[in-house]
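Q: Just dropping this structure here.
Derivation of every value follows stated rules applied to the coordinates shown; laboratory data play no part. All values derive from a computational prediction rather than experimental measurement. Here the Cβ positions follow ideal geometry from the backbone for every residue, glycine too, while neighbour counts run over all protein chains shown.
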Amino acid sequence: HAKSHEPGTQSYFDETMHAEALHHVRLQGAVQDGLDLGQFEVYYQPIVLLDEGPLERFEALVRWNHPERGVLLPGEFLPLMEETGLVVRLGRQVIEDVCRQISAWRAVYDRPVNVSVNLSDREFWHAGLVDHVRSNLAKNGLDACCLTLEVTEGVIMRRPELAQQLMSRMRAAGLRLHIDDFGAGHSSLQTLHRYPVEALKIDRSFVQELAAGGQNRELVRAIVAMGTALGLEVIAEGIETPEQLAVLREVGCGVGQGYLFDRAVTGSRAAELLGHSFEALARTLPTAAPAV
Ligand code: C2E
Ligand code: MG
Ligand code: MG
Ligand code: MG
């Protein structure tokens, strides 16, 4: 977009823009091939009960096993997939893989396991979503309460009324709904009050700056109190240090996620974690090998 008026720099911008466009086109082709060839893999990050209950919940986080560049994180490919609409295809694969995985875990763990799946803007509004979820649950003999859908305030706020209807449909199908990245948007109380959600996930940015006596501590305390008063579960994202954990426990946050416990791991590694408390895991198991 940048147009240069400096003499002699015109070609620099042209070249940059050309290179960007080329990168874009190549990436899109590679993403399409990746979808066809099954290069996208779902990893699972533990969602931990801070009172040390058994681990039975995960968040599904997709990675791209790129043939040349190794394991790529969503930041490298999701924005483009969202832009082009390819994310709908990706999301369908994620739902299929997650349902198969939950079913496979039953061979090694006999209590119900829940997986949270992220929905991007396009996926949330896509007409076929609920039917696709339902048919994959049925195909794998799973109850709907095995799946949680995560949606951000930003997505909901684009069409608040319609979102309410859609979410009611999801709830009627038995699915759970969580608000992701809570606090990073700008809706808050209204969102919590009007939408049929069961939990909110406090955005990582709040947790990261949690220090004993710090300002964020009171903010997080208020979010937890508000969520709890509305009957919601509150989940803290991005817990990295024992100090953050201590503050979260102190303000009454019951559930958390973060590198302090584990990163996202493969489905088979996740099977080894099922049923353990994170304290027990830290004592008995070496840190996971393939974790990103
Ligand atoms: P999110 O849903 O908010 O997921 C949490 C992100 O924080 C993940 O990044 C996770 O790896 C990272 N994280 C977890 N604990 C910590 C921590 O202690 N410290 C730090 N620094 N980071 C932590 P990831 O996997 O790169 O995913 C980024 C975003 O991409 C997700 O944010 C989600 O919005 C999106 N995403 C991931 N998988 C999918 C998917 O299958 N479908 C869709 N539509 N979006 C996805
Ligand atoms: Mg999420
Ligand atoms: Mg989040
Ligand atoms: Mg996010």
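Q: Any idea how far apart residue 84 and residue 241 come out in nm if each label point goes 7 Å out from Cα toward Cβ?
A: Roughly 4.1 nm, to one decimal.
Q: On to the next question. If you take every DSSP beta bridge whose two residues both sit in the chain, what share of them, in percent to the nearest 5, is antiparallel? Walk me through the numbers before you get to the answer.
A: Values: 15 of 37 bridges.
So the antiparallel bridges in the chain amount to around 40 percent.
Q: Per residue of segment 52-60, what does 6.51 cos²θ - 1.76 cosθ + 1.60 with θ = phi - 60° give for ³J(HN,Hα)? Whole Hz please, x for Gly and Pro, Karplus curve as stated.
A: Values, residue by residue: 6, x, x, 6, 9, 9, 9, 10, 7 Hz.
Q: Please turn the phi angles of segment 202-207 into ³J(HN,Hα) values with the Karplus equation 6.51 cos²θ - 1.76 cosθ + 1.60 (θ = phi - 60°), one per residue in order, whole Hz, x for glycine and proline.
A: In residue order, the calculated couplings are 5, 4, 3, 4, 6, 5 Hz.
Q: Moving on to the next point. Can you work out the FRET efficiency for the pair residue 27 and residue 139, with r the C-beta to C-beta distance and R0 = 25 Å, to the nearest 0.05? Walk me through the numbers on the way to the answer.
A: On the way: r = 32 Å, r/R0 = 1.28.
Given R0 = 25 Å and the Cβ-Cβ separation, E is 0.20.
Q: Determine the gain in length on full extension of the stretch residue 162-residue 37; use 0.36 nm per residue of separation and subtract their C-alpha separation, reporting nm with one decimal. Don't skip to the answer; put the middle values down first.
A: Numbers: separation 125, 0.36 × 125 = 45.00 nm, distance 3.52 nm.
Length gained between residue 162 and residue 37: 41.5 nm.
Q: Between residue 68 and residue 20, what FRET efficiency comes out of the Förster formula 1/(1 + (r/R0)^6) with R0 = 25 Å and r the beta carbon distance, rounded to 0.05?
A: On the way: r = 20 Å, r/R0 = 0.79.
The formula returns an efficiency of 0.80 here.
Q: Note down the net charge around residue 190, summing +1 for each Lys or Arg and -1 for each Asp or Glu among other residues with Cβ under 15 Å from its Cβ.
A: On the way: positive: 158, 159, 194; negative: 153, 161.
Local charge sum for residue 190: +1.
Q: Residue 127 to residue 186: extension gain in nm, 0.36 nm per residue of separation minus the Cα-Cα distance? List each step's numbers first, then the result.
A: Numbers: separation 59, 0.36 × 59 = 21.24 nm, distance 2.61 nm.
Result for the pair: 18.6 nm of gain on full extension.
Q: Okay, moving on. Please give the calculated 222 nm ellipticity per residue for the chain, where each DSSP H segment of at least 4 residues contributes -39500 (n - 2.57) and the sum is spread over every residue; nearest 500 deg cm²/dmol? Walk me through the numbers before you get to the answer.
A: Details: 13 runs with 139 residues, N = 292.
Rounded to the nearest 500, it is -14500 deg cm²/dmol.
Q: Quick check: net charge around residue 128, other residues with Cβ under 12 Å of its Cβ, Lys/Arg +1 and Asp/Glu -1? Could you put the intermediate results ahead of the total?
A: On the way: positive: 89, 92, 122, 134; negative: 123, 131.
Net charge around residue 128: +2.
Q: Using alpha carbons only, how many angstrom separate the centre of segment 43-65 from the centre of segment 134-171?
A: 19
Q: State, in angstrom, two size descriptors of the chain derived from its alpha carbons: Rg to one decimal place and Dmax to the nearest whole number.
A: Cα only, the chain: 20.6, 71 Å (Rg, Dmax).
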